[in-house]
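All remarks here apply to the structure that follows.
Bear in mind these aren't lab numbers, they're just calculated from the coordinates by the rules spelled out. Source: prediction; values computed, not measured. Cβ sites come from the backbone with ideal geometry, for glycine too, and all protein chains shown count toward neighbours.
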Amino acid sequence: MIKVSGLTKDYGARRAINNLKFDAQQGEIVGFLGPNGAGKTTTMRILTGYMPPTDGEAIVAGYDVVEESLEVRKRVGYLPETVPLYTDMTAFDYLKFMGELRHIPNVDDRVEEVLDMVGLIDRADGYIGNLSKGMRQRIGLAQALLHRPEVLILDEPTIGLDPGQVVEVRELIREIGKERTVLLSTHLLNEAQNICDRVLIINKGKIVAEDTTENLQARLIGAERAVLRVRGESDDDLVKTIRAIKGVQAVETKDDGMVEFEFASGKDVRPEVAKQVIKSGYDLLELRPIGMSLEEIFLELTGSDSKNK
Amino acid sequence: MRTIWTIAKREYDNYFNSPLAYVVAFSIVLPVGIYFSLIMYVSAQQSMMGGPPPDSTPINWLFVFLMIFLSPALTMRLLSDEARMGTLELLLTAPVRDFELVAGKFLGAFLFVLTIALFTLIFPIIINNFVTPGIDWKVIIASYIGLVLVCGALLALGTGISAIFTNQFAAFFVTFGLFFFLWFMVNLPANYLQQGGDVYNYLSLSQHFSSMNRGTIALGDIVYYISLIALGLFAGTTAIEIRRWR
Ligand SMILES: Nc1ncnc2c1ncn2[C@@H]1O[C@H](COP(=O)(O)OP(=O)(O)OP(=O)(O)O)[C@@H](O)[C@H]1O
Ligand SMILES: [Mg+2]
């Protein structure tokens with residue numbers, strides 16, 4: 001369980017996070033979504049007892065992160081963003097060391113168990129320095145799982161993994177999330193949709209949206225968009241033709257020759273657009289919907305205009 | 001305590017994988033061994049002519065003198081490297097008190113130096129077997145207690161300084177500078193002052209060690225070294241705490 005209110009952190013004069021308020025229940029996987037510098041890592045470092053907040057309160061696994069930091073740290077598993085590891089140790093020795101720091105009983109057995117969970121049991125006696133980036137990521141995850149923590153905090157857990165591993169690690173997180181509380185950060189909207197029950201979107205240190213993934217999508221996609229391509233140049237006539245169709249809200253020619261148009265969600269105009277384009281004598285090569293990228297969701301939510309950058 | 005031991009054990013094992021630690025160990029054992037051979041030679045001749053019993057305490061003097069120059073290399077990366085590699089984030093988010101971390105690091109280095117010191121114990125034992133009536137063990141024991149204490153003080157201060165820096169070389173030079181000052185320089189004003197020179201003598205690492213090395217264990221000397229150990233560990237703990245708040 002995580003409960004945060006009024007959480008603020010200043011690095012010198014720079015405010016990294018500002019008055020955050022959110023919670024996460026047991027058995028819930030919460031995604032922390034935001035662009036670079038949004039304050040995700042900062043928040044996680046406070047929740048794991050690495051550093052105290054400038055202001056505000058955070059309760060993790062029933063204990064205050066400042067007042068009872070040690071109790072919190074006993075109950076939290078943490079995968080830091082940089083995945084720090086002792087590269088001159090073997091995977092087994094490293095995990096055993098971390099396990100001993102946590103006073104885990106039968107530590108050798110448990111280390112083998114978690115190495116198995118992350119699929120690296122055959123690399124147990126190899127030096128961490130000789131492992132690939134994705135493997136190190138998984139060693140970091142194994143370290144976070146070692147003591148069966150009540151709360152799991154994972155800073156970009158799937159970054160650097162190959163597609164097969166991404167699927168496996170997500171499966172693992174989903175499994176763990178059934179009984180425990182998981183907070184994970186990511187830049188990937190589809191990852192959040194894939195594993196999280198709920199998403200917090202954070203930008204410039206503030207939470208700009210908080211909802212279940214389904215609700216968030218429905219709310220954001222007030223308008224749907226699609227692009228089409230015809231053989232040859234997309235001329236003004238084509239744009240005019242599309243614009244004239246009832247239900248089409250905005251039409252724009254892209255640099256690559258694609259024509260993008262918007263329509264109210266639930267009122268799909270694509271069949272009509274296709275019909276009209278062909279009727280006007282164009283050869284329709286492609287017509288497909290485009291999803292909203294994370295960046296666009298931020299634009300939507302923050303009202304900032306980064307297109308001018 | 002268990003946590004301190006876990007950290008100390010890892011650090012101790014680490015030294016045996018570190019070329020630098022071997023260099024340091026040999027740079028102590030080798031000169032000490034050569035010095036020992038010289039003493040053996042001289043005292044063998046002296047005792048043949050009915051001279052005074054051999055004195056092995058200069059061996060420990062050399063040991064400690066070398067530690068002034070070499071121990072900063074043993075402590076420089078203890079905590080600075082954790083900060084540089086980011087592994088400090090692991091330790092500070094594990095249920096480890098800041099003091100336990102610093103004390104564990106110190107203990108690891110201390111045990112490594114004790115291992116070297118234990119090794120040099122063979123020298124007085126050999127001397128003892130070669131000469132009659134043997135050596136004065138009371139002096140040797142006092143000398144070794146002094147050696148252990150002074151090494152403890154040096155390593156604790158070095159560990160503390162290592163916690164302040166992210167760059168191990170910065171930690172090395174500051175540590176070495178401090179030791180140089182405490183060994184050679186801090187008692188200099190005592191030579192010129194009519195009064196109050198005792199304070200400067202009291203601060204000097206070498207003054208305290210030289211009296212212990214002669215076989216007298218005074219409470220003041222022990223208090224001095226224990227205070228330095230406490231100071232080093234306190235400075236290290238505070239530096240880690242400040243790191244968190246930054
Ligand atoms: N140790 C630090 N000292 C000073 N400023 C920092 C420090 N760590 C982070 N910041 C600043 O705090 C803000 C939030 O950073 P944070 O690392 O929390 O972002 P993030 O959401 O994790 O970004 P990313 O997606 O790139 O990992 C940034 O403006 C960053 O420059
Ligand atoms: Mg981050």
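Show which lysines lie in cross-link reach of A:K178 when reach means a straight Cα distance below 19 angstrom and same-chain residues fewer than eight apart are skipped.
Once the sequence-local lysines are set aside, what remains near A:K178 is A:K3.
Hey, can you grab everything whose amide H is under 5 Å from the amide H of A:A16? Only 5+ residues off in sequence or another chain; H modelled, so Pro and N-termini drop out.
A:K9, A:D10, A:Y11
Amide H of A:I290: which non-local residues (sequence gap of 5 or more, or other chain) have their own amide H closer than 5 Å, using H built in the peptide plane?
The list, which skips near neighbours in sequence, is A:R225, A:A226, A:V227.
Whole-Hz ³J(HN,Hα) for each residue in region B:141-156, computed from phi via Karplus 6.51 cos²θ - 1.76 cosθ + 1.60 with θ = phi - 60°, x for glycine and proline: what do you get?
For region B:141-156, the Karplus-derived couplings read 5, 4, 4, 6, 4, x, 4, 4, 5, 5, 5, x, 5, 4, 5, 5 Hz, x marking Gly and Pro.
Using a 10 Å cut-off around each Cβ of peptide A:95-101, what is the average number of partner chain Cβ atoms that fall inside?
The shielding value for this peptide is 5.
For A:K9, list the lysines whose Cα falls under 20 Å from its own Cα; do not include residues on the same chain fewer than 8 positions away.
The qualifying lysines are A:K21, A:K40, A:K204, A:K206.
More than 34 Å apart: what percent of Cα pairs in the protein assembly as shown qualify?
The calculated P(r) of the protein assembly as shown puts 56 percent of pairs beyond 34 Å.
Please state the relative contact order of region A:2-211 as a whole percent: Cα pairs under 8 Å, 6+ residues apart?
Once divided by the residue count of region A:2-211, the mean separation gives 32 percent.
Using modelled backbone amide H atoms (1.01 Å from N, in-plane), which distant-in-sequence or interchain residues come within less than 5 Å of A:L152's amide H?
Under 5 Å from the amide H of A:L152 lie the amide H atoms of A:G77, A:T181, A:V182, A:L183, each far enough along the sequence or on another chain.
Just to check I understand the Karplus step: with θ = phi - 60° and J = 6.51 cos²θ - 1.76 cosθ + 1.60, what whole-Hz values come out for region B:114-126, glycine and proline as x?
Along region B:114-126, the couplings run 4, 4, 5, 5, 4, 4, 6, 4, 5, 5, x, 5, 5 Hz.
Compute the separation of the alpha-carbon centres of region A:142-214 and region B:9-23 and state it in Å as a whole number.
38
Averaged over every viewing direction, what's the projected area of the C-alpha convex hull for region A:2-211? Give it in nm², one decimal, please.
Averaged projected area of region A:2-211's Cα convex hull equals 11.0 nm².
Considering only DSSP states other than H, G, I, E and B, which GluC sites (Glu not before Pro) in region A:34-123 qualify as loop sites with at most 15 other Cβ atoms within 10 Å?
In loop regions of region A:34-123 (DSSP not H, G, I, E or B), the sparsely surrounded GluC sites (Glu not before Pro) are A:E67.
Using helices alone, I'd like the mean residue ellipticity at 222 nm for chain A: each DSSP H run of four-plus residues gives -39500 (n - 2.57), total over residue count, nearest 500.
Computed ellipticity for chain A at 222 nm equals -10000 deg cm²/dmol.
Can you report the principal axis dimensions of region B:66-153 using only the alpha carbons, biggest first, rounded to whole angstrom?
59, 23, 16
Report, in deg cm²/dmol and to the nearest 500, the calculated mean residue ellipticity at 222 nm for chain B, where each DSSP H run with n ≥ 4 adds -39500 (n - 2.57) and the sum is divided by the residue count.
-26500 deg cm²/dmol
Please report B:I161, A:I139 as a ranked list, fewest other C-beta atoms within 10 angstrom at the top and most at the bottom.
A:I139, B:I161
Two-decimal Rg/Rh of region A:222-294 from alpha-carbon positions, Kirkwood Rh?
Dividing the radius of gyration by the Kirkwood radius yields 0.93.
Quick one: plug the Kirkwood hydrodynamic radius of region B:2-244 (C-alpha pairs) into Stokes-Einstein at 20 °C, 1.002 mPa s, and report D in µm²/s.
For the chosen part, D equals 113 µm²/s.
What is region A:14-88 by shape, rounded, prolate or oblate, if you read a ≥ b ≥ c off the alpha carbon gyration tensor as root eigenvalues and call it rounded for a/c under 1.5, prolate for a/b larger than b/c, and oblate otherwise?
It comes out rounded by the Cα gyration axes.
Find, to one decimal place in angstroms, the Kirkwood hydrodynamic radius of region B:134-231, where the mean of 1/r is taken over every pair of different Cα atoms and then inverted.
14.4
Using alpha-carbon positions, what is the distance between the centroids of region B:169-216 and region A:234-265, in Å?
84
Note the angle between two axes, namely the Cα long axis of helix A:163-177 and the longest principal axis of the Cα atoms of chain A, as a number of degrees from 0 to 90, rounded to the nearest 10.
Between the helix axis and the principal axis of chain A, the angle is about 60 degrees.
Holding the Cα-Cα limit at 28 Å, pick out from A:K133/A:K254; B:K105/B:K138; A:K254/A:K275 the pairs that are longer than that.
A:K133/A:K254; B:K105/B:K138
Can you compute 3J(HN,Hα) from phi for each residue in region A:84-100, using the Karplus curve 6.51 cos²θ - 1.76 cosθ + 1.60 with θ = phi - 60°, rounded to whole Hz and x for Gly and Pro?
Calculated HN-Hα couplings, in order: x, 9, 7, 5, 8, 10, 6, 4, 5, 4, 4, 5, 5, 4, 5, x, 5 Hz.
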